[in-house]
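Working notes for the structure below.
The values are calculated or read from the model by the stated rules, or taken from the named source; none is laboratory data. Here the structure is a predicted model, which is why all the values come from computation and not from measurement. All Cβ positions, glycine included, derive from the backbone under ideal geometry; neighbour counts span all protein chains shown. Quick note on the areas: whole protein, heavy atoms, side chains included, nothing else; ligands and nucleic acids left out. Shrake-Rupley method; radii C 1.70, N 1.55, O 1.52, S 1.80 Å.
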Amino acid sequence: MQQIVNEQEWLDAQQSFLAKEKAFTKQRDALNAERRRLPLLEVTQPYKFEGEEGQVSLLDLFDGRRQLIIYHFMFAESPCTGCSMMVDNMGESVHLNARDTSRVLISLAPYDKLAAYKKRMGWTHPWYSSHGTDFNRDFDATRESGEMFGINVFIRDGEKIYRSYCTTQRGAEYLGSNFTYLDLTPMGRQESWEESPAWVPQTPPYQWWHKRDEYPEV
């Protein structure tokens with residue numbers, strides 16, 4: 001066990017550590033700001049996916065919103081336990097939707113397998129199959145070693161789609177809150193304290209938050 005100390009010594013140690021933690025938060029804010037300024041890569045391939053509503057395009061996955069976050073769920077043969085835990089931690093997407101952002105799952109397995117597992121787990125997240133397409137390989141979710149988990153982020157300008165960011169392994173494992181997902185996107189949290197490109201709409205922090213059943217249509 002760690003050293004046992006008196007109250008003042010404990011408070012001193014806490015304050016010393018919190019100063020380091022606050023400095024790390026500022027560094028992370030700066031890194032997020034740099035991410036929002038990364039260059040974009042246009043996506044020109046007409047990818048098709050299979051979902052609950054049948055065959056859809058990459059543009060359809062945005063569901064009319066400006067940004068799209070894709071979580072690549074490993075399911076080439078059977079559902080990945082780690083990916084299942086990630087989805088358990090996601091929560092509802094309504095808060096992301098309020099920031100003009102959609103989030104979907106994509107896997108290599110045929111859609112009927114995804115639908116059956118989704119029902120078993122009681123999930124509501126949109127889930128699509130990229131079975132029979134090059135999408136996973138083109139976006140680093142399939143490698144020579146097999147299917148990979150990870151995140152790809154996209155933004156659109158009308159019907160033009162751009163890839164803005166991707167990450168996997170420990171870059172994905174810290175995700176869980178709405179804020180950590182929004183931090184991956186070109187528009188960020190869209191709050192006035194953020195250092196963002198001039199074209200990003202921003203509002204004061206906290207004011208856009210609502211209880212999930214009290215949002216206007218998003």
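How much accessible surface does S84 have with a 1.4 Å probe, in Å² rounded to 10?
10
Can you give the FRET efficiency to the nearest 0.05 for A30 and D112, using r as the Cβ-Cβ distance and R₀ = 45 Å?
Details: r = 45 Å, r/R0 = 1.01.
Rounded to the nearest 0.05, the efficiency is 0.50.
Along the positive direction of the dipole of the range 110-218 (beta-carbon charges: Lys, Arg +1; Asp, Glu -1; about the Cα centre), which of F135, T203, I161 reaches farthest?
Projecting each Cα onto the dipole axis, the largest value belongs to F135.
Provide the gained length on full extension for the span K211 to R137, in nm with one decimal, where the gain is 0.36 nm per separating residue minus the Cα-Cα distance. Before the final figure, lay out each step's value.
Working: separation 74, 0.36 × 74 = 26.64 nm, distance 3.83 nm.
Going from the current span to full extension adds 22.8 nm.
Give the calculated FRET efficiency between D88 and R37 to the nearest 0.05, with a Förster radius of 35 Å applied to their Cβ-Cβ distance.
Values: r = 33 Å, r/R0 = 0.93.
Efficiency, from the Cβ-Cβ distance: 0.60.
What spacing in nm lies between the two simple spin-label points modelled at Q2 and T44, each 7 Å away from Cα in the Cβ direction?
Spacing of the two 7 Å Cα→Cβ label points: 5.5 nm.
Can you give me the accessible area per residue for the chain, using a 1.4 Å probe, in Å²? List each step's numbers first, then the result.
Numbers: 12830 Å² over 218 residues.
For the chain, the per-residue accessible area is 59 Å².
Run the lone-cysteine check on the chain: no other Cys C-beta under 4.7 Å from the residue's C-beta.
Singleton cysteines: C166.
Between the helical axis of 7-35 and the dominant principal axis of the chain, each derived from Cα atoms, what acute angle in degrees is found, rounded to the nearest 10?
Result, in degrees: 40.
Is there a quick way to get the dipole size of the range 111-218? I mean about its Cα centre, with the Cβ of Lys and Arg at +1 and of Asp and Glu at -1; what is the value in debye to the nearest 20? Don't jump to the answer; show the numbers that get you there.
Working: 13 positive and 16 negative charges, 85 e Å.
Once rounded to the nearest 20, the dipole reads 400 debye.
List the trypsin sites (Lys or Arg not before Pro) within the range 140-218 that DSSP assigns to loop and that have no more than 10 neighbouring Cβ atoms inside 10 Å. Present the calculation step by step, with values, prior to reporting the outcome.
Numbers: sites: R143, R156, K160, R163, R170, R189, K211, R212; in loops: R189, K211, R212.
Hits after loop and neighbour filter: K211.
Summarise the accessible area of the range 1-108 (1.4 Å probe, protein heavy atoms) by the percent that is carbon and sulfur.
Working: 3440 of 6630 Å².
Within the range 1-108, the accessible surface is 52 percent carbon and sulfur.
Can you list the GluC sites (Glu not before Pro) in the range 41-96 that are in a DSSP coil and have 16 or fewer other beta carbons within 10 angstrom?
Passing sites in the range 41-96 are E52, E53, E77, E92.
Fully extended, how many nm does the chain gain between E52 and T168 (0.36 nm per residue separation, minus their Cα-Cα distance)? Provide the component values of the computation, followed by the final result.
Values: separation 116, 0.36 × 116 = 41.76 nm, distance 2.64 nm.
Extending this stretch completely gives an extra 39.1 nm.
Say a site is exposed when it is one of the chymotrypsin sites (Phe, Trp or Tyr not before Pro), sits in a DSSP loop, and has at most 16 other Cβ atoms within 10 Å; what is then the longest site-free stretch of the chain? Intermediate values should be presented prior to the final figure.
Values: sites that count: W123, Y174, W193, W199, Y206, W208, W209.
Counting at most 16 other Cβ atoms within 10 Å as exposed, the longest clean stretch of the chain is 1-122.
Hey, got the dipole for the chain? About the Cα centre, +1 on K and R Cβ, -1 on D and E Cβ, debye to the nearest 20?
Around 160 debye, computed over the chain.
Once you put a point 7 Å from the Cα of M148 and another 7 Å from the Cα of D12, both along the Cβ direction, what distance in nm separates them?
4.8
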